Amino acid sequence: MAAVATDALAAQPEPWQILMQPAASPVMEMMTDFNFLVSVIIILITIFVLGLLVYVAYRFNAKKNPVPAKWSHNPGLEVLWTAVPVVILIVIAVPSIRLLYFQDKAADAEMTLKVTGHQWYWSYEYPDHGNFTFDAFMVPDDELEEGQPRLLETDNRVVLPVETDIRILVTASDVIHSWAVPAFGIKSDAIPGRTKETWVRITREGVYYGQCSELCGVNHAYMPITVEAVSKEAFAAWTAKAQEQFAATDPDRDSTRLAEGSARVQ
């Protein structure tokens, strides 16, 4: 069930994509910056080592040095090649630790979304908005509409408001799954018997796609995630409709939906 038509802003994998998807959350923005920092450091180290090897091969080959120099220690050089890597590691460690703590959890979450992984679909619960629950299955190829990406679109989208600190609780009912949305910088394992916490603050409206990122069984490839980010007003209107649409509870819902999902992906 889509709230608004925002497919033009969809974040999804692209053919021959090299860089990360455009960031749609503060966490992903920090991840992108950190990735850029580490990439620059790696490139500089590679260029330096390559240049050093070329220089050594040219300057100290057998023709130029038929009689090799005889010395075993250079205290200054030894201090330098010990100190420089330490400084590089500190430069990497400081933003890395800051990022780890920042992405851990929201200090003052404005709402909660509970995510449960099943073989092989996702269930979503909105405890702060009527406590309704719905399942999300992959849309099979023969039912895709124009603009919907193959293997990524779901029959029910997760709808979330932008500019809102959202606590996300992740668990599983059977085996280990992993709820991952690259544009948000989220990849949280869903473990049976445990509830993990992460968070997101979506900075722009649009449709964002992800997938289960943990090998969870034969239909692992058919557990996509579709998140539609809308304005707070549109989200309030959607929740009012969703409470009615998903109000009915079925005690055999899990087994029924599993049978439906298995038939659709086979």
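Which number in (1) buried (at least 17 other Cβ atoms within 10 Å of the Cβ); (2) modelled with pLDDT under 95 marks the one condition that L144 misses?
(1)
Hey, among V91, V49, which residue is out of contact with any strand residue (DSSP E or B) (no Cβ under 7 Å at 6 or more places or on another chain), touching a residue at least 12 places away in the same chain (Cβ under 8 Å), within 30 Å of F36 (Cβ to Cβ) and not assigned by TED's automatic domain parsing to the domain that holds S178?
Values: V49 fails: touching a residue at least 12 places away in the same chain (Cβ under 8 Å).
The conditions single out V91.
Scan (1) closer than 19 Å to F184 by Cβ; (2) loosely packed, with under 14 Cβ neighbours inside 10 Å; (3) not charged (D, E, K, R) for the single condition V79 breaks and write down its number.
(1)
Every residue in the stretch 121-141 that is without any contact (Cβ under 8 Å) to a residue 24 or more places away in the chain and assigned to a loop (DSSP other than H, G, I, E, B), please.
P127, D128, N131, V139
Residues of the stretch 23-43 being within 17 Å of D104 (Cα to Cα) and of a type in the set (F, W, Y), which ones?
F34 - this is the single residue of the stretch 23-43 that is within 17 Å of D104 (Cα to Cα) and of a type in the set (F, W, Y).
Does the stretch 61-78 hold any residues that are part of a loop (DSSP other than H, G, I, E, B) and at pLDDT 85 or above, and which are they?
none
Give the stretch 1-29 a look and list any residue that's of a type in the set (D, E) and either modelled with pLDDT of 85 or more or in a helix (DSSP H, G or I) (or both), or say none. If you could, list the steps in order and put the result at the bottom.
Applying the first criterion (of a type in the set (D, E)) to the stretch 1-29 yields 7, 14, 29.
Hits for the stretch 1-29 are D7, E29.
Which numbered condition in (1) of a type outside the set (A, V, I, L, M); (2) modelled with pLDDT under 95; (3) touching a Leu at 6+ places or on another chain (Cβ under 6 Å) is the only one that Y55 fails?
Answer for Y55: the failing condition is (3).
For E125, state whether it is within 30 Å of E233 (Cβ to Cβ), surrounded by fewer than 14 Cβ atoms within 10 Å (Cβ to Cβ) and either touching a Gly at 6+ places or on another chain (Cβ under 9 Å) or not assigned by TED's automatic domain parsing to the domain that holds V38 (or both).
Details: within 30 Å of E233 (Cβ to Cβ): yes; surrounded by fewer than 14 Cβ atoms within 10 Å (Cβ to Cβ): no; either touching a Gly at 6+ places or on another chain (Cβ under 9 Å) or not assigned by TED's automatic domain parsing to the domain that holds V38 (or both): yes.
It is false that E125 is within 30 Å of E233 (Cβ to Cβ), surrounded by fewer than 14 Cβ atoms within 10 Å (Cβ to Cβ) and either touching a Gly at 6+ places or on another chain (Cβ under 9 Å) or not assigned by TED's automatic domain parsing to the domain that holds V38 (or both).
Can you work out which of the residues in the stretch 194-215 that are buried (at least 21 other Cβ atoms within 10 Å of the Cβ) and of a type in the set (A, V, I, L, M, F, W, C) is farthest from V170 (Cα to Cα)?
Here the residue is V207.
Test L52 against the criterion of being in a helix (DSSP H, G or I) and in contact with a helix residue (DSSP H, G or I) (Cβ under 6 Å, 6 or more places away or on another chain), and give yes or no.
Details: in a helix (DSSP H, G or I): yes; in contact with a helix residue (DSSP H, G or I) (Cβ under 6 Å, 6 or more places away or on another chain): no.
The answer is no for L52.
Can you go through D104, D165, D108 and tell me which one is within 19 Å of the chain's Cα centre (by Cα) and either farther than 21 Å from R204 by Cα or exposed (fewer than 13 other Cβ atoms within 10 Å of the Cβ) (or both)?
Values: D165 fails: either farther than 21 Å from R204 by Cα or exposed (fewer than 13 other Cβ atoms within 10 Å of the Cβ) (or both); D108 fails: within 19 Å of the chain's Cα centre (by Cα).
Result: D104 is the single residue among D104, D165, D108 that is within 19 Å of the chain's Cα centre (by Cα) and either farther than 21 Å from R204 by Cα or exposed (fewer than 13 other Cβ atoms within 10 Å of the Cβ) (or both).
Among the residues of the stretch 216-241, what is the count of those that are surrounded by 21 or more Cβ atoms within 10 Å (Cβ to Cβ) and of a type in the set (A, V, I, L, M)?
Residues meeting the conditions: 5.
Residue check: is V115 under 25 Å from L37 (Cβ atoms) and surrounded by 10 or more Cβ atoms within 10 Å (Cβ to Cβ)?
Working: under 25 Å from L37 (Cβ atoms): no; surrounded by 10 or more Cβ atoms within 10 Å (Cβ to Cβ): yes.
It is false that V115 is under 25 Å from L37 (Cβ atoms) and surrounded by 10 or more Cβ atoms within 10 Å (Cβ to Cβ).
Could you please let me know if T116 is more than 20 Å from the chain's Cα centre (by Cα), among the β-branched types (V, I, T) and not in a loop (DSSP other than H, G, I, E, B)? First the steps, then the outcome.
Values: more than 20 Å from the chain's Cα centre (by Cα): no; among the β-branched types (V, I, T): yes; not in a loop (DSSP other than H, G, I, E, B): yes.
The answer is no for T116.
The values are calculated or read from the model by the stated rules, or taken from the named source; none is laboratory data. The model shown is predicted, which means the values in this text are computed figures rather than measured ones. Every residue, glycine among them, receives a Cβ derived from its backbone with ideal geometry; neighbour counts consider all protein chains shown.
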